[in-house]
Each structure stands twice: as C-alpha cells, then as structure tokens.
Amino acid sequence: MGSGACPALLHLVVEIYLRLLAERNTSSLRFLLTLKDLNLLTFECTVLNVSWRRAIPKGIPPLNIAQKQTNKKTPCQRGPALLERYAVRRLPFARLGERDVAFFERLLPGRALTAQEEVKPFNVDWLKSVRGCSQLVLKPQTTAEVSQVLRYCYEKNLAVNPQGGNTGLVGGSVPVFDEIILSTALMNQVISFDKVSGILVCQAGCVLERLNEYVEEQGFIMPLDLGAKGSCHIGGNVATNAGGLRLLRYGSLRGTVLGLEVVLADGSVLDCLTSLRKDNTGYDLKQLFIGSEGTLGVITAVSILCPQKPKAVNVAFLGCQSFAKVLETFTTCRAMLGEILSAYEFMDEKCMELVERHLKLSSPVADSPFYVLIETSGSNSSHDEEKLNNFLEQAMASGLVTDGTVATDDKKIKRLWSLRERITEALTHEGYVYKYDISLPVGKLYDLVDDMRARLGQSAKNVVGYGHLGDGNLHLNITAESYSHSLLDAIEPFVYEWTARCSGSISAEHGLGFKKKQFIQYSKPRGAVVLMQQFKAMLDPKGILNPYKTLPSAPEWGLC
C-alpha cells in the first residue's frame, strides 16, 4: 500500500479480509478501494495475507497463494497448489526491468528471449508438475558470456536459474518465481577428445546422446546412460550427479569427471578443467559442484573419462516369481558373470503392464510378478556368450528364473532396453505421478513398495517399483487421477521416515531440487547441512544462484 496508507485504512482492509474469511467467501476475496485522496488501489487477499500477516489474529489460515482471484491465469497459477504445499516466499531479489532486458539484448543479440510463447517451455518441468514465471531466457554460447551475465546479475541482485536440458524430476531446473533462466542449450561444442586416454572435454550444453554418438565413432562410450539421454545436457548431468544405467559398471560421475570449468555467482571463472587422471594438489574443488544443482556455480565445461566401447554386448530379459528370486538371481549373476556384468535392472509386473498399455510395447516374457534386465559388456563375444549361457542354465535349473530371452543384435537389444527405459514415460499417461528416488540396502529394496501399497490402499491408482538393483536404487512411483493434498500427506513424510529407519538416502540420483530440499535431514545430520549452507554463503553471498533449491529454508509464504 505504500507509506501513504493511514492506519485507519489498514484496519479497514484487515477487517474486510477477516469478515470475508469468516463468511468462507474465499472464492471472491478480490476487492477495490477507491478513495479521493489516493489513487485507485487493487488489493488481493493473498497480498494482504503476506503484507499484514502480523495484523491477522492467530488461527486464521493463510489462503492458497498459488491461486489468484482472477479469470486470467499466468504460468505461476496453473497446476497443483505448489506454493501452498511447499510454503515458499519470494526472496528480496530485484525485479527485472527494461534496462536489464536492454543490457542482455545487447550482450546476447537474438539470444535473449522475452516473448511469452518462447519463454513458456523453459518455465515448465518435464513432468509438468512445477512451473515458474520467468520473463527472460538467456542463451549464451561461451563461458565469457556466462561470466558477463552473472556479473551483471550479481551487481543488480537479480536471481538466476541455470538450466540444461530441463529433464530433472525434482523441480530443480525451472524457476520458482521470476528468476532469469540461463540456458546452456547453445553451449554445445566438443572442445577436444584424446583417442589414447579416452578423455573428452566439451561444453556443458552438449546433449548426452550426441556425445555418446561422437565418442562411439572413436571407439569409446560415455560412462553414463540415462532414459533422458536424447534431451539431457552433460552439464546438467554433472550438476545433479546423475546415476543412470551404467553406474554398476563404470561408477558415478564423481569418479569419471576429471575437471570442470565453473562460473561463480559474481561472474568470476573457476578453471579446474584438468584432463589428468591423478592430481593430488590441494582440495578437489570439482567435487563441490558435482551434485550441487546449480546452487554454487554454473558449470560451463566438463572433462570426463570415457571407457572403451565394448566389442560384445548381450542383454537377457528374464521373469522371476518373487523379489526374493530377483535378489538370488543377482547374487548368482554377479558371481558367474563377474567383470562383464554392466547392468542389472528390475521392474515389477505393474510397470510392464503400463508400458504395454500406454506405449504399445510388447514384452517377450509374460505373466511374471517381476522382470530382470541383465546386460553384459566385454571384448570377446564367444567368451561372454559362454559365461552368459552358463549363468542362464544355472538360473533356470535352480528355479530362480521361469522364462527369458537373450538379445545379441543392436535392434533387439534396444527393443529390450526400451521396456525399462520408457517406464517413466508410461507412468505420465496415468495422471499425476508422485516420484521417489530412494537408495536402500538391496535386500530391503521392494519392502518399501509393499508397505506403501498397504498404506495407501485404494487412494492411489498405482504403486509401482523399478530401478537399478545393482546399486540399490529404487524408483518408487505412485499415480493418481490428479494431484491430491491428502494423498501426498499420506505418502510424505512416511516414505522418508521409512527410508531413514533403514539407513537409506531419500535421493539416490535425482537430487533434492525444489521438491525435496526440506527433507534433507532424513539423510544428512544437522552439522552437515549447516556446513553446506556455509559453502553456499561463501560462494554465493547474495544467494542469486538457483534460489529455493537443494538446501532447506524456513517455510514462509510469498508471491510471484
């Protein structure tokens, strides 16, 4: 209302607001106050609730601030009551102005997007579960341009949302409010590749699948593989410490990433883009940025170690009658296949039903409660096939596996992998999806799915489990016709408490992003979280980089 608003007017506003609340007139709490000595003022109940919350007596519930009382919807108002659920308020960053836009248009001619239709796709996550209201998307091509952008934003106190391929599943890649989106889409150049060492150096915006195709031509492969490989960027993979389908064989990005180039919040460039396998001089700073989800700096280039491309790849798709059999099969598989085992994935029968129904894919193995996909990768096809056949004979003879098929040619291998990789896509056809990415002791992996089914009963449409059994990673997915507060309350914090009791992690590979940051205490002690916050304060004193993400904050209300 400004400094000119008198106390009497303030009391009048609050009185009207409380009266409307008492009458439960929550659908039309927008009203106009026209006074001779003031300009025409339009107030909304949501604004009143934030600006004068101290004047509102205790016990009066705050309104759903994700709902504007107007017929015209903006990007921040669609979808579930996101802000109500996560209790977040806009921090006191500067608002984007015409002078700011003019600066960026001069800096990045033709690459500063402001048109609503151009900006819209960058504001929405892949699951269409969270949505921001940024008015500006910047698409730099070089590290120098990223540096200039961040230097300006730091000086002007403008918040920035770094974004790669926007394939994240926890709301970390899109704005919460009106943060400027810094897209790495045009930073897509390979800088160098050493055919002797297999070390690739590239810009952060390179798409993972394109990189894999590039290094395959040189006789190598990327050390990670994801279902989103056709869209995700290597910089985003590193920023989220993505796991994926090859982790069992090649390990995590914390081991395969050799160096990074990062632009810090104030625009300074940290050049740690080494291509050395061994460097024991001081602290390993790149580890700070791997998995930091864009909150400590913007990754602009990556140096990564690529393994040799296997000369022989085999995939077996098997059916098991119980999860206990899945576990026994893994134990036998690991013992008999040894060094050639590169993936061990599992999925339950409901996953397969959804993939077949919505994507029209067909499984070569039918009527099994559980399915297992095993991949071997080696340098000698006859040797690998012999080991795989010996394992399959043992598994069938001992009753671990009831049915199965083996693929050795690329076309059939891809067809079998699609049954696993496209489960996430199939789930989106079921309505709203509650997604959980959990690390657990392997023996307890499916117990959580069983317990969740028993807990939710008919309130959920589907409760399914699948994932990377080889590294103890469960993807628990719960679907419903639409978003429901009551269903979410039944799931959370139960799922996190269950995981903590089993000494698991609430995020195996997806990160915390916006959706799960408030639950970090279930996996990390208070002292560790405080230290993380200190790192954040040191590297980004103004907090402009990907605010509202990764680290917990006090639950407060706010407006876009």
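The values are calculated or read from the model by the stated rules, or taken from the named source; none is laboratory data. Predicted model only: the values in this text are computed from it and were never measured. For neighbour counting, all protein chains shown are included, and Cβ atoms are generated from backbone atoms with ideal geometry for every residue, glycine included. Calculation scope for accessible area: heavy atoms of the full protein, side chains included, ligands and nucleic acids excluded. Shrake-Rupley method; radii C 1.70, N 1.55, O 1.52, S 1.80 Å.
Taking every residue in the stretch 353-373 that is assigned by TED's automatic domain parsing to the domain that holds Val463 and pairing it with any residue that is open to solvent by less than 40 Å² (accessible area, probe 1.4 Å), at least 6 positions away or on another chain, yields no pair with a Cβ-Cβ distance below 9 Å. Quick check on my filter: what residues within the stretch 221-260 are among the β-branched types (Val, Ile, Thr) and either open to solvent by 10 Å² or more (accessible area, probe 1.4 Å) or over 16 Å from the mean Cα position of the chain (by Cα) (or both)? The answer is Ile221, Thr240, Thr256, Val257.
Residues of the stretch 360-393 that are open to solvent by 40 Å² or more (accessible area, probe 1.4 Å) and of a type in the set (S, T, N, Q): Ser362, Ser379, Asn380, Ser381, Ser382, Asn389, Asn390.
A quick yes/no check of all residues on (1) under 20 Å from the mean Cα position of the chain (by Cα); (2) outside the structural domain of Gly227 (by TED's automatic domain parsing); (3) open to solvent by 30 Å² or more (accessible area, probe 1.4 Å):
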| position | (1), (2), (3) |
| --- | --- |
| Pro92 | no, yes, yes |
| Ala112 | no, no, no |
| Asp125 | yes, no, no |
| Ser129 | yes, no, no |
| Ser134 | yes, no, no |
| Val137 | yes, no, no |
| Leu150 | no, no, no |
| Ser173 | yes, no, no |
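The residues in the stretch 182-215 that are outside any strand (DSSP E or B), among the polar types (S, T, N, Q) and either surrounded by 17 or more Cβ atoms within 10 Å (Cβ to Cβ) or not assigned by TED's automatic domain parsing to the domain that holds Val238 (or both) can be counted, and the count is 3. Only one entry in Leu445, Leu440, Leu416, Leu456 is outside the structural domain of Val372 (by TED's automatic domain parsing) and within 15 Å of Cys351 (Cβ to Cβ), namely Leu445. When Ile374 is tested against (1) touching an Asp or Glu at 6+ places or on another chain (Cβ under 9 Å); (2) among the β-branched types (Val, Ile, Thr); (3) assigned to a strand (DSSP E or B); (4) more than 18 Å from Phe330 (Cβ to Cβ), only condition (4) is not met.
Selection of first residues in the stretch 139-165 that are within 14 Å of Gly294 (Cβ to Cβ) and of second residues that are among the acidic types (Asp, Glu) and open to solvent by 40 Å² or more (accessible area, probe 1.4 Å), restricted to Cβ pairs under 9 Å at least 6 apart or on distinct chains, gives the following pairs, ordered by first then second residue: Leu150/Asp266. Applying the criterion of being assigned to a helix (DSSP H, G or I), over 20 Å from Ala94 (Cβ atoms) and touching a helix residue (DSSP H, G or I) at 6+ places or on another chain (Cβ under 8 Å) to the residues of the stretch 118-153, the residue that is modelled with the lowest pLDDT is Lys120. Residues in the stretch 531-553 include at least one that is open to solvent by less than 10 Å² (accessible area, probe 1.4 Å), polar (S, T, N, Q) and farther than 30 Å from Ala324 by Cβ. For the stretch 399-419, the set of residues classified as in a helix (DSSP H, G or I) and among the charged types (D, E, K, R) consists of Asp410, Lys411, Lys412, Lys414, Arg415, listed by residue number. Restricting attention to the stretch 375-409, report how many residues are hydrophobic (A, V, I, L, M, F, W, C) and in contact with a Gly (Cβ under 9 Å, 6 or more places away or on another chain). Going through the stretch 375-409 one residue at a time, the tally reaches 4.
Looking only at residues in the stretch 329-349 that are surrounded by 19 or more Cβ atoms within 10 Å (Cβ to Cβ) and over 21 Å from Asp225 (Cβ atoms), the one that is nearest to the chain's Cα centre (by Cα) is Asp348.
Taking the criterion of being within 22 Å of the chain's Cα centre (by Cα) and either farther than 21 Å from Ser368 by Cβ or open to solvent by 10 Å² or more (accessible area, probe 1.4 Å) (or both), would at least one residue in the stretch 443-450 satisfy it? Scanning the stretch 443-450 turns up no residue that is within 22 Å of the chain's Cα centre (by Cα) and either farther than 21 Å from Ser368 by Cβ or open to solvent by 10 Å² or more (accessible area, probe 1.4 Å) (or both).
So that you can scan it fast, the table gives a plain yes or no per residue for (1) outside the structural domain of Tyr344 (by TED's automatic domain parsing); (2) under 30 Å from Trp417 (Cβ atoms); (3) not charged (D, E, K, R); (4) not in a strand (DSSP E or B):
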| residue | (1), (2), (3), (4) |
| --- | --- |
| Lys435 | yes, yes, no, no |
| Met452 | yes, yes, yes, yes |
| Asp489 | yes, no, no, yes |
| Val495 | yes, yes, yes, yes |
| Gly511 | yes, yes, yes, yes |
| Gly527 | yes, no, yes, yes |
| Met532 | yes, no, yes, yes |
| Phe535 | yes, no, yes, yes |
| Met538 | yes, no, yes, yes |
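Taking Pro80, is it closer than 30 Å to Glu492 by Cα, touching a strand residue (DSSP E or B) at 6+ places or on another chain (Cβ under 9 Å) and either modelled with pLDDT under 95 or assigned by TED's automatic domain parsing to the domain that holds Leu551 (or both)? Answer is yes for this residue. Those residues that are farther than 11 Å from Leu440 by Cβ and either assigned to a helix (DSSP H, G or I) or without any contact (Cβ under 8 Å) to a residue 40 or more places away in the chain (or both), I need them from the stretch 497-509; list them, please. Within the stretch 497-509, just Glu497 meets the criteria.
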